[in-house]
1. Any idea which residue in segment 15-33 is nearest to LEU62 (Cα to Cα), counting only those that are in a loop (DSSP other than H, G, I, E, B) and over 25 Å from the mean Cα position of the chain (by Cα)?
2. Sort out for me the helices (runs of 4 or more DSSP H) sitting completely within segment 189-300 that have 1 or more residues that are touching a strand residue (DSSP E or B) at 6+ places or on another chain (Cβ under 6 Å).
3. Out of ILE230, ILE168, ILE225, report the one residue that is among the β-branched types (Val, Ile, Thr), closer than 30 Å to TYR358 by Cα and in contact with a helix residue (DSSP H, G or I) (Cβ under 7 Å, 6 or more places away or on another chain).
4. State which residue pairs qualify: first residue touching a residue at least 60 places away in the same chain (Cβ under 8 Å) and assigned by TED's automatic domain parsing to the domain that holds MET659 and inside segment 623-645, second residue acidic (Asp, Glu) and in a loop (DSSP other than H, G, I, E, B) in any location, beta carbons under 9 Å apart, and separation of 6 or more residues or different chains.
5. Pick from segment 583-620 the residues that are without any contact (Cβ under 8 Å) to a residue 60 or more places away in the chain and closer than 16 Å to PRO454 by Cα: which of them is surrounded by the most Cβ atoms within 10 Å (Cβ to Cβ)?
6. Sort through THR47, THR102, THR89, THR107 and tell me the only one that's of a type in the set (Val, Ile, Thr), touching a residue at least 24 places away in the same chain (Cβ under 8 Å) and in contact with a Cys (Cβ under 8 Å, 6 or more places away or on another chain).
7. Tell me whether segment 447-465 contains one or more residues that are surrounded by 24 or more Cβ atoms within 10 Å (Cβ to Cβ), touching a His at 6+ places or on another chain (Cβ under 7 Å) and at negative phi.
Amino acid sequence: MTQSIQGSEPSILEHLVAQNGIGTEFIDAWGNPATIDKSNQQKLLQTMGYPLDDERALEAKLEEEAIFEWQRPLNPVYVFRNGQPLMLTIRCPIGDAAQAHTIRLITESGEKSAVKFNPVDGELLATQEIDGIEWHQYQVRLELNVDIGYHDIALFLGRKKQQVSKLIIAPEKCFSPKAVEQGKKLWGLSVQLYCLRSERNWGIGDFSDLCFLAKQAASLGADFIGLNPIHQLYPANPDACSPYGPSSRRWLNYLYIDVEQVAGFDSKSVQAWMKNENVEQRLVALREKDWVDYIAVSELKLDALKLVFDEYKTRFLSKQTKQKKAFDAFIETGGESLDGLATFEALQMHLKSQGKDYWGWPVFPDKYKDANKPAVRQFTKKHAEEILFFKFLQWQAQLQFEQASKVATDAGMEIGLYRDLAVGVSDGSAEIWSNKSLYCTDVSVGAPPDILGPLGQKWGLPPMDPKVLVEQAYQPIIDLFHSNMHASGALRIDHAMALLRLWWVHNEDDASQGVYVNYPVDDLLAILALESQRNQALVIGEDLGTVPDEIREKLQDNGVYSYRVFFFEQAEDGGFFSPSHYPVQSMSTLTTHDMPTLIGYWHCDDLTLGKELGLYPDPDVLQSLFESRHENKQEILNTLHGHHSIGEHISRDVNYVGMSKDLNFGMQKHMAGGSSALLSLQLEDWLEMDKPVNIPGTFNEYPNWKRKLSRNLEEIFSRADLRALAGDLTHLRKQASS
């Protein structure tokens, strides 16, 4: 940015910062006020398309934006809560202000109604002269009775249509199950689905394993199974396996399909392939591995599914069967999003087969770098069969997930399955490729420095541009919430603060040089409430880290459940809060996927491993972490003994206490007596495992997202000690309910 702009028009920058929701200050993780550097704000504005180095170009862009905004009669979308007055912002030339206008409403059910008004009868908000014509902005109240839902409104001046916009009417808050509303305290198990071992899967947990897990857990008193994000990853690049860096958050990971449950698997051709390729022997080897071999698993599953698809087409899709009608309906409902994903995946496979770079759209040939390019349309015609195959995988994945959900609810679970929504998609993803204008690809989402990450975090996930999101009438968010709540009893939103603001870091900068960008939180929460009620899905907001009180209050008011992790619930004096003091409107847990297991925590395995991996280059910092851990463990013992959650045979002196089954189970039962409506416990801790599933801050240093459970599912639920633990948890939860 030039000095002339800074010196002569400092208000321009302030205006742009405010207009684009860019933050100027925040409270850091230590409770101290922090100011965002202006140079970082300016760099962010440049990535948003503002030419700060060219005064004339900047003025032209600002004038263009102002004219566009003023000459648009309606906003792209209006969001209201049910029962709230419909106050619409409307713009028109002064000469039309006293003329009769009409708003025509078409509800999502197809009902039509209209209301007439003169803008001048509303409240005048602002005026602006453009090319000699004075434009007025009014706030007009519409006397329309509209039910909750997504509706269309059209503005007419006389018989001339001016504009069509979306009208969203949302309920007051998110859904909560009747049992929870009545005070029942529930517990459930959280799992990384790919980690599940069984005697029959193909080297990775699948939806049939999930059915078994849900049924068995329900029989022991569990009311939900919490899942990792099961978003679609990359069929052409299976080792890109982080569930938090998906290709699409709207669609499912095909690797979770149980191939043997797809109609056509029993065909002669598939069975001959199984025999000729020694598939059974290969499967035994994959099951025995302690880490998921994504490449080998993907190769086997894709080969099998292609053969099954060929058989399925012959049996069902070559004629007018109920299966063909259902598949056609699925494709129609999936629309452009499904088309984009399937085309992207077929294109990746094609480029891979040609020996070209394929990991994501940034390395595609120029003619393929955007979903809307002519060459892509030509590709879809030439490779229609491959594209149809990837659509078929999504259909089968959805059918099997729906079946797992039905098994969970039929088994008596109050909530059933709950899904996890990742905060974004990776930079080479299909989701970005299909909607480039929505994402700021020169930026990554992350987090400012905090206690767990003193250098800050940078996640490699390009953020949505909040202004473009509004221009697209929130449709990407609507689709995202709807698809992730479908057939689910609850949805956990990872980094729920994203509804209010996100830490944007330019790709060339360190995480500490980020800037907070605000999002239309009230509108997003309204849409979340609407989809929650429609899908009958409870919502849990992961509100950890640098979270302002504002968002926690908004989440609570909107019926979103807080997320409370035992190890983070610590008072200023170092003591741990009793779970009986946690908010009722919350889900509590001992550990998360980003933390060590109970054994790993107690034995400081995470710190030792971090040292080996070079995560703690400063020995003094590492020593302070060991000392802090020792102090925390003593405080945990004090808490557990103080609440009689463990027996006196466990010493009160941390120097004499290692992690044992009694201490492990005692901690879980300590949580069960708490006040949170929901309690989630990890299967890893049931099995007393030591290795973590993920080490934040590592990429190739550790095999993240690959570690399996130490035991098969069939064995887990036959163990007397675990069945007894489940019985104790159920009893304690009932006691806490009364």
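The values are calculated or read from the model by the stated rules, or taken from the named source; none is laboratory data. Note that the structure is predicted; figures quoted are calculated from it, not measured. A quick note on method: Cβ atoms are made from the backbone with ideal geometry, for glycine too, and the neighbour counts reach across all protein chains shown.
1. THR24
2. 207-219
3. Working: ILE168 fails: closer than 30 Å to TYR358 by Cα; ILE225 fails: closer than 30 Å to TYR358 by Cα.
Every option except ILE230 fails the conditions.
4. Listed pairs, sorted by first residue: GLU635/ASP573.
5. The residue in question is LEU607.
6. Just one listed residue meets the conditions, THR47.
7. The answer is no; no qualifying residue exists.
Residue-by-condition table, conditions (1) in contact with a Gly (Cβ under 6 Å, 6 or more places away or on another chain); (2) hydrophobic (A, V, I, L, M, F, W, C); (3) without any contact (Cβ under 8 Å) to a residue 60 or more places away in the chain:
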{"position": "GLN472", "(1), (2), (3)": "no, no, no"}
{"position": "HIS506", "(1), (2), (3)": "no, no, no"}
{"position": "VAL515", "(1), (2), (3)": "no, yes, no"}
{"position": "LEU525", "(1), (2), (3)": "no, yes, yes"}
{"position": "ALA529", "(1), (2), (3)": "no, yes, no"}
{"position": "VAL539", "(1), (2), (3)": "no, yes, no"}
